[in-house]
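Could you have a look at this structure, given as structure tokens, before my questions?
The values are calculated or read from the model by the stated rules, or taken from the named source; none is laboratory data. Predicted model, so just to flag it, every value in this text is computed and none were measured. Methodologically, a virtual Cβ is constructed for each residue, glycine included, from the backbone with ideal geometry; neighbour enumeration extends over all protein chains shown.
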Amino acid sequence: MGLTGLLGAVFNLDHVGKYIHWGFIQLSVSNAIVIGLMIVTFISALFLPFPGRRNRKEGK
Amino acid sequence: MSTEIDRQWTTRLRKTVVEKLPPDKLLPDTQPAYVASWIYVFGVTTLAALAIVILTGCVLAMKGPLWWHLSGTGHFVNSLHLWSVEIFFFAMVIHLWGKYFMAAWRGGRQLTWVTGVVLFLTSVGAGFTGYVSQTNYDSQWISTQAKDGINATGGGAIFNVLNLGQMLMWHIVLLPLAAVALTAVHVIYVRIKGVVPPFEEVK
Amino acid sequence: MAKKAFNPDVDAPVYKGKYAPYDIIKEGTIAVVVVALLTVVLAVLFSSPDEKAVTIKTWSNATPMDFVATAMTELDGTSGTATYGPPYNNAATGQQVGPLTLAKWMGINVNVNTANDFVVAPLSTLADQPALTTALTTFAGASSAQRASWEADYSKALGTGTFSGGTLQVSATNAGPVPVMMSALTAMARSGALDQALVTAKGFYTTDYTKPLLFMADGSFLANKAQAQHLSGDQWGMMNETGSYPGQAWLWLYTMWYQVPPFSTSWGANADALVWAFMMILTLLLALMPWIPGLRSIPRKVKIYRLIWREHYKNA
């Protein structure tokens, strides 16, 4: 164990993946998760308040 | 009257560089107050991911192309390389979306946009040559499929995706050099021109 | 010279507002540390895929008849590679974009003669096999019409051929030297020697796998494996990865065109060239966005920028 245990995957992805079929669209679930996360991250970046703004107001 | 020293290529280059990009523009200590959104972090995140991609790639390069199949440590470094690439593309695409919706090419910043798009294409090429240099089933399948696309454009005559040596050289020498050089130009443009100001709202 | 009118999609207003402290080096350092940590976490959690490369040895042992049938198409010049055209040979024009025969113009720079490179040349490297040497001599001395007739006879008999107990059984009676050649090539493939012969044709050192990859791609072993893993072109496979890993998701638009008409139907024969041409146009549009009226106005009109700069507008 030790190092080798740490280096092995916690989640084993070495099996045939699941695929989403929407009409002509075929998408692996892993890619869908990545793309979904990108959209969520983008929208969060737009909406979440950016820290530091308070400092500026109190400052000058 | 200009002296001989003023006319020297070296003097002229230094003067132009310092004039265009004085130290306080290259390494600024303030930002316009409108630069206050999480959307601004994706450029620097892309840069950071590029640094990790290059670092992990260098470790893989030290031991050669087959090491990662044969050693647990090698496989782990390969995993670091893969996931830093995933973060790199993830951040770069969000950066692109953000810059598009800010119309960040305004105010003489067109070349910043163009170098960014070219960087995206270079990165896709670097990613692709990486996939075909893996020396496993994935690279066999991807290269035998991709050859038809490249051959159809005529590119196959000079860019043979089935030639491992050629693809590996593109992946670890030519494309990283291009990506780093373009990144430098892209970032320098940003520093010279500053961050694009908000649209003026007509009241 | 008259001052040009201010165009809100091209020009930026001059900012006269406040500046806030900004530590660019600290920001960069934090970004590197965060990305490095995230990379380590993802690598520990998910590792990375590494499915062993297929060899002609594994292929010919797993499905010997598929190997023999493919090898026969390499010999008689009917395989995918043999009929490919540029850059491998001049058997076809290659794909075109309308009248533009791009592949043909670029020429044949990766020469592949399947009958010789995949069958005859590897067989001639085998020493001490008198029957094979005789067969190769007979084959080399025959007219092309004679060879075609032998090959046709063998191909016809191949349909009922079998492989058992390490022996290829094909009842071709008028195939001349072809049965001896095919049996020897199959044995050579199953031993792994063909893999080596195909890459070392030009010498000891090698970094070029063009020939064995083209040979394997002509058979169905590689493709069946891909189909099962959802990697085929018609499965949006370009953006997929072996196992359940995320793949090159950024290729979604490129791979999408292959799935939709007319690329998938009437333009099918030139789909690769046409999809590339189309993607080049789209890429140019993206790169030249700052100069394209209409497209460059979208950000101003959709007003997502108001979210990004909401503090600025609130304070203005």
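Out of B:Asp29, B:Asp6, I need the residue that is touching a Pro at 6+ places or on another chain (Cβ under 8 Å) and more than 27 Å from A:Asn12 (Cα to Cα). Which one?
B:Asp29
Of the residues in the range C:189-215, how many are buried (at least 19 other Cβ atoms within 10 Å of the Cβ) and more than 28 Å from B:Asp148 (Cβ to Cβ)?
Number satisfying all stated conditions: 1.
Give C:Arg310, C:Arg296, C:Arg306 a once-over and let me know the one that is in contact (Cβ under 8 Å) with a residue 12 or more places away in the chain, closer than 22 Å to B:Ile94 by Cα, basic (Lys, Arg) and out of contact with any Gly (no Cβ under 6 Å at 6 or more places or on another chain).
Only one candidate passes the filter, namely C:Arg296.
Show me the helices (runs of 4 or more DSSP H) found entirely inside the range B:1-43 where at least 2 residues are under 26 Å from the mean Cα position of the chain (by Cα) and more than 30 Å from B:Phe199 (Cβ to Cβ).
Correct list: B:9-20.
Let me ask something additional. Restricting attention to the range C:54-66, does a residue exist that is outside any helix (DSSP H, G or I), modelled with pLDDT of 95 or more, within 7 Å of another protein chain (Cβ to nearest Cβ) and under 30 Å from the mean Cα position of the chain (by Cα)?
To start, the set of residues in the range C:54-66 that are outside any helix (DSSP H, G or I) comprises C:54-55, C:63.
Now drop any that are not modelled with pLDDT of 95 or more, which leaves C:54-55, C:63.
Now narrow it down to the ones that are within 7 Å of another protein chain (Cβ to nearest Cβ): C:54.
Subset that is under 30 Å from the mean Cα position of the chain (by Cα): C:54.
Yes, the range C:54-66 contains a residue that is outside any helix (DSSP H, G or I), modelled with pLDDT of 95 or more, within 7 Å of another protein chain (Cβ to nearest Cβ) and under 30 Å from the mean Cα position of the chain (by Cα).
If you check B:Thr112, B:Thr56, which single one turns out to be part of a helix (DSSP H, G or I), polar (S, T, N, Q), in the same structural domain as B:Tyr189 (by TED's automatic domain parsing) and modelled with pLDDT of 95 or more?
None of the other options fit; the residue is B:Thr112.
Which residues, counting only those in the range C:1-18, are within 48 Å of the chain's Cα centre (by Cα) and either more than 9 Å from every other protein chain (Cβ to nearest Cβ) or more than 23 Å from B:Gln31 (Cβ to Cβ) (or both)?
Answer for the range C:1-18, where residues must be within 48 Å of the chain's Cα centre (by Cα) and either more than 9 Å from every other protein chain (Cβ to nearest Cβ) or more than 23 Å from B:Gln31 (Cβ to Cβ) (or both): C:Asn7, C:Asp9, C:Val10.
From the list B:Ala91, B:Ala103, which one is over 20 Å from B:Leu177 (Cα atoms), in a loop (DSSP other than H, G, I, E, B) and not aromatic (Phe, Trp, Tyr)? Lay out the reasoning, then the answer.
Numbers: B:Ala91 fails: in a loop (DSSP other than H, G, I, E, B).
Going through B:Ala91, B:Ala103 in turn, just one is over 20 Å from B:Leu177 (Cα atoms), in a loop (DSSP other than H, G, I, E, B) and not aromatic (Phe, Trp, Tyr): B:Ala103.
Could you pull out the residue among C:Thr162, C:Thr133 that is more than 10 Å from chain B (Cβ to nearest Cβ), touching a strand residue (DSSP E or B) at 6+ places or on another chain (Cβ under 9 Å) and over 25 Å from C:Trp276 (Cα atoms)?
Just a single option satisfies the conditions, and that option is C:Thr162.
Can you tell me which condition C:Phe278 does not meet? The list is (1) part of a helix (DSSP H, G or I); (2) facing another protein chain (nearest Cβ under 7 Å); (3) in contact with a helix residue (DSSP H, G or I) (Cβ under 8 Å, 6 or more places away or on another chain); (4) surrounded by fewer than 18 Cβ atoms within 10 Å (Cβ to Cβ), and all the others hold.
(2)
Within the range B:60-77, work out how many residues are surrounded by fewer than 17 Cβ atoms within 10 Å (Cβ to Cβ) and without any contact (Cβ under 8 Å) to a residue 24 or more places away in the chain.
7
Answer with yes or no whether C:Ile298 is within 30 Å of A:Phe24 (Cβ to Cβ) and modelled with pLDDT of 90 or more.
In short, yes.
Checking the conditions here, which among B:Gly125, B:Gly130, B:Gly116, B:Gly155 is within 16 Å of the chain's Cα centre (by Cα) and closer than 29 Å to C:Trp105 by Cβ?
B:Gly125
Six or more apart or on different chains, Cβ under 7 Å: which pairs go from a residue in the range B:134-155 that's within 25 Å of C:Asp50 (Cβ to Cβ) to one that's at pLDDT below 90 and of a type in the set (S, T, N, Q)? Could you list them?
Pairs found: B:Tyr137/C:Thr242; B:Asp138/C:Thr242.
Moving on to the next point. What number of residues within the range B:1-47 are among the aliphatic types (A, V, I, L, M), without any contact (Cβ under 8 Å) to a residue 24 or more places away in the chain and either in contact with a Lys or Arg (Cβ under 6 Å, 6 or more places away or on another chain) or within 14 Å of chain C (Cβ to nearest Cβ) (or both)? Steps first, please.
Of the range B:1-47, the ones among the aliphatic types (A, V, I, L, M) are B:1, B:5, B:13, B:17-18, B:21, B:26-27, B:33, B:35-36, B:39, B:41, B:44, B:47.
Imposing the further condition that a residue be without any contact (Cβ under 8 Å) to a residue 24 or more places away in the chain reduces the set to B:1, B:5, B:13, B:17-18, B:27, B:33, B:36, B:41, B:44.
Still in the list and also either in contact with a Lys or Arg (Cβ under 6 Å, 6 or more places away or on another chain) or within 14 Å of chain C (Cβ to nearest Cβ) (or both): B:27, B:33, B:36, B:41, B:44.
Selection size over the range B:1-47: 5.
Here is a follow-up. So for the range C:123-130 (the condition being part of a helix (DSSP H, G or I), surrounded by fewer than 18 Cβ atoms within 10 Å (Cβ to Cβ) and either more than 32 Å from the chain's Cα centre (by Cα) or modelled with pLDDT under 95 (or both)), does at least one residue qualify?
Within the range C:123-130, one or more residues are part of a helix (DSSP H, G or I), surrounded by fewer than 18 Cβ atoms within 10 Å (Cβ to Cβ) and either more than 32 Å from the chain's Cα centre (by Cα) or modelled with pLDDT under 95 (or both).
Taking the condition of being among the hydrophobic types (A, V, I, L, M, F, W, C) and either modelled with pLDDT of 90 or more or part of a loop (DSSP other than H, G, I, E, B) (or both), how many residues in the range C:227-258 meet it?
Final tally of qualifying residues: 2.
Quick one: count up the residues across the range C:19-34 that are assigned to a helix (DSSP H, G or I), of a type outside the set (A, V, I, L, M) and within 7 Å of chain B (Cβ to nearest Cβ).
Total meeting the criteria: 2.
Keeping to the range B:152-174, report how many residues are facing chain C (nearest Cβ under 8 Å) and either among the β-branched types (Val, Ile, Thr) or over 17 Å from C:Asp208 (Cα atoms) (or both). Show your work before the answer.
Initial filter on the range B:152-174 (facing chain C (nearest Cβ under 8 Å)): B:152-158, B:160, B:162-166, B:168.
Okay, now just the ones that are also either among the β-branched types (Val, Ile, Thr) or over 17 Å from C:Asp208 (Cα atoms) (or both), so B:152-155, B:158.
Residues that pass the stated criteria total 5.
Can you tell me how many residues within the range C:189-207 are in contact (Cβ under 8 Å) with a residue 60 or more places away in the chain and part of a helix (DSSP H, G or I)?
Final tally of qualifying residues: 8.
Identify the residue in the range C:174-188 that is in a loop (DSSP other than H, G, I, E, B) and touching an Asp or Glu at 6+ places or on another chain (Cβ under 7 Å) and, among all such residues, is surrounded by the most Cβ atoms within 10 Å (Cβ to Cβ).
Our first condition is that a residue be in a loop (DSSP other than H, G, I, E, B); within the range C:174-188, this holds for C:174-177.
From what is left, the residues that are touching an Asp or Glu at 6+ places or on another chain (Cβ under 7 Å) are C:174-175.
Working: C:Asn174: 12, C:Ala175: 22.
Here the residue is C:Ala175.
Hey, among the residues in the range C:284-302 that are within 9 Å of chain B (Cβ to nearest Cβ) and surrounded by fewer than 17 Cβ atoms within 10 Å (Cβ to Cβ), which one's nearest to C:Pro13 (Cα to Cα)?
Just the residues of the range C:284-302 that are within 9 Å of chain B (Cβ to nearest Cβ), to begin with: C:286-291, C:296-300, C:302.
Then keep just the ones that are surrounded by fewer than 17 Cβ atoms within 10 Å (Cβ to Cβ); that gives C:288, C:291, C:297-298, C:300, C:302.
Numbers: C:Leu288: 22, C:Trp291: 18, C:Ser297: 16, C:Ile298: 18, C:Arg300: 14, C:Val302: 19 Å.
Applying the filter and picking the extreme gives C:Arg300.
Still on this structure, I have one more. Step by step: first the residues of the range B:48-57, then only those that are facing chain C (nearest Cβ under 7 Å) and small (Gly, Ala, Ser), then the one that is surrounded by the fewest Cβ atoms within 10 Å (Cβ to Cβ). Which residue is that?
So in the range B:48-57, the residues facing chain C (nearest Cβ under 7 Å) come out as B:48-49, B:51-52.
With small (Gly, Ala, Ser) added as a condition, the list becomes B:48-49, B:51.
Working: B:Ala48: 27, B:Ala49: 26, B:Ala51: 18.
Step by step, filter the range B:48-57, then rank; the result is B:Ala51.
Residue-wise test of (1) closer than 24 Å to C:Trp252 by Cβ; (2) buried (at least 18 other Cβ atoms within 10 Å of the Cβ); (3) not hydrophobic (A, V, I, L, M, F, W, C).
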site: B:Ala126; (1), (2), (3): yes, yes, no
site: B:Asp138; (1), (2), (3): yes, yes, yes
site: B:Trp141; (1), (2), (3): yes, yes, no
site: B:Leu164; (1), (2), (3): no, yes, no
site: B:Leu175; (1), (2), (3): yes, yes, no
site: B:Val180; (1), (2), (3): no, no, no
site: B:Tyr189; (1), (2), (3): no, yes, yes
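How many residues are more than 29 Å from C:Gly237 (Cα to Cα), among the polar types (S, T, N, Q) and out of contact with any helix residue (DSSP H, G or I) (no Cβ under 7 Å at 6 or more places or on another chain) if we restrict to the range C:192-224?
The total comes to 2.
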